[in-house]
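Laboratory data are not the source of any read-out in this text; all were calculated from the coordinates shown. Everything numeric in this text was worked out from a predicted model, so none of it was measured. Neighbour counts are summed over all protein chains in view; Cβ atoms, including those assigned to glycine, are modelled from backbone coordinates with ideal geometry.
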Amino acid sequence: MGHQTNLVYKLLPLEDCRWDSFLQEHRHSSVFHSKAWLQALRNTYNYEPIAYTSSPSDSPLRNAIIACRVESWFTGRRLVSLPFSDHSEALVEDSDDLRDLFAELETTLLREKLRYVEMRPLFGAGFASSLSKSVRSYCFHQLDLTPTLDSIFKGFHKDSIQRKIRRSEREKLVYVEGNTEHFLNQFYRLFVTTRKRHGLPPQPLKWFSNLIESFGSALKIRIALKGERPVASILTLQFKDTLVYKYGCSNAEYNNLGGMSFLFWMAIQEAHGAGLKVFDLGRSDLDNLGLITFKERWGATRSTLTYTRYHARGDSGLTLIAKPSDWMSIAKQVISHTPSQVLTAAGKILYKHIG
């Protein structure tokens, strides 16, 4: 007998009372599925998260694929699972359910004439589909926090990581953490200068203030001070047994003091002490060899993240999601010489269209 298609229902995760308990129980749920993350996406960019499930509203929630509708006159209308998220696994165990739920996404794509549906799985492969596809891959790193702290430290690269941690101690860097407006302002000043250095506009300040409002104490801004001067900062999120490194920035003049390594080590010790099992170091572009090397020198395990876009029209063969071309290097040169206030204003306009 052939597969009998099940009904597919839509739900709003931010309003469904089943969502939190479903995430707590599902082995593949991450911070990016959480109500806190989804709330920040909606409050900042007006992206409405929708989950597709085979579970009726009057029964326990047993599966879901979640996506946000991105409406942009500039970059087009599409479904993304999920915007600004490093990964977003389909929370589905049964292959028949997975096929039914993705078929509903395909139907939505065709019916509403969207540009594409983009999936960002962490564990799963691509979905079987007759639609044309384009792909883009990234590196992903996670550090196992279950060994002893001594074993974890010994797994760090002796010259690049252990030495920098000891340097930060000799320099008497001071560690502070919090999520108040004071900490956000210190972080954001470093963040804007770092993004400018990398030739990129910063995400709007509103995004970070909304993250703080949504996550509360599960979000920490960690700052390394030399005297009273902030020299490095990272923003981390906690969800279930995982600490997620999401954003980092530094004052380049003080990078030799080991501020970033100091902050990572402090975060690792705190997470280990709290009984967390994983430090999620996030994704890296394949051509960002410096960042990939930095993460691997912490003893982190490397894997590949592959994003797939499913298109309603176009070539039926597998192509690559377009990477920034030569014009991007020119744009980065221009951005690096653009006043910070102008970059910040540009970020407020641009990021809603990027998703």
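For the stretch 9-130, the fraction of C-alpha pairs more than 16 angstrom apart is 59%.
Within the listed set His87, His141, His26, the residue fluctuating most in the Gaussian network model of the chain (springs between alpha-carbon atoms under 10 angstrom) is His26. Taking Cβ atoms as reference points and 11 Å as the exclusive limit, the residues near Leu235 contribute a net charge of +2, counting Lys and Arg as +1 and Asp and Glu as -1. Taking the Cα-to-Cβ direction at Asp96 and at Asn185 and moving 7 Å from each Cα, how far apart do the two end points lie in nm? About 6.0 nm separates the two model spin labels. Between the beta carbons of Gln341 and Val174, assuming R0 = 30 Å, the FRET efficiency works out to 0.55 to the nearest 0.05.
Working from label points 7 Å from Cα in the Cα-to-Cβ sense, the Asp16 to Arg163 distance is 5.2 nm. Distance between the modelled labels on His198 and Thr293, one decimal in nanometres: 1.7 nm (7 Å Cα→Cβ projection). Between Thr304 and Arg229, the contour length at 0.36 nm per residue exceeds the Cα-Cα span by 23.3 nm. Among Leu343, Leu149, Leu14, the largest mean-square fluctuation in a Gaussian network model of the chain (Cα springs under 10 Å) belongs to Leu149. For the stretch 141-303, the relative contact order is 35 percent, taking Cα pairs closer than 8 Å that sit 6 or more residues apart in sequence and dividing their mean separation by the residue count. State the answer as a single residue: which of Met260, Cys68, Thr108 lies farthest towards the positive end of the charge dipole of the chain, with beta carbon charges of +1 for Lys and Arg and -1 for Asp and Glu, about the Cα centre. Value: Met260. Using the Cβ-Cβ distance between Ala103 and Phe74 with R0 set to 35 Å, the FRET efficiency from 1/(1 + (r/R0)^6) comes to roughly 0.75. Residues with beta-carbon under 14 Å from that of Arg170, excluding Arg170: net charge, scoring Lys, Arg +1 and Asp, Glu -1? Taking every other residue near Arg170 into account, the sum is +4. Long hydrophobic helices in the chain, taken as whole DSSP H segments with a C-alpha length of 18 Å or more on their own axis and mean Kyte-Doolittle hydropathy at least -1.0: 95-111, 181-197, 259-273, 340-354.
Give the aspartates and glutamates reachable from Lys158 as a straight Cα distance under 17 Å; neighbours fewer than 8 places away on the same chain don't count. Output for Lys158: Asp150, Glu169, Glu296.
Estimated from helices alone, the mean residue ellipticity of the chain at 222 nm is -11000 deg cm²/dmol (sum of -39500 (n - 2.57) over DSSP H runs with n ≥ 4, per residue).
Per residue, the convex hull spanned by the alpha carbons of the stretch 141-303 comes to 111 Å³. With one equal scatterer per alpha carbon and no solvent term, the Debye-computed log10 I(q)/I(0) for the chain at 0.13 1/Å reads -1.11. Counting Lys and Arg as +1 and Asp and Glu as -1 over every other residue whose Cβ lies under 12 Å from the Cβ of His26, the net charge comes to 0.
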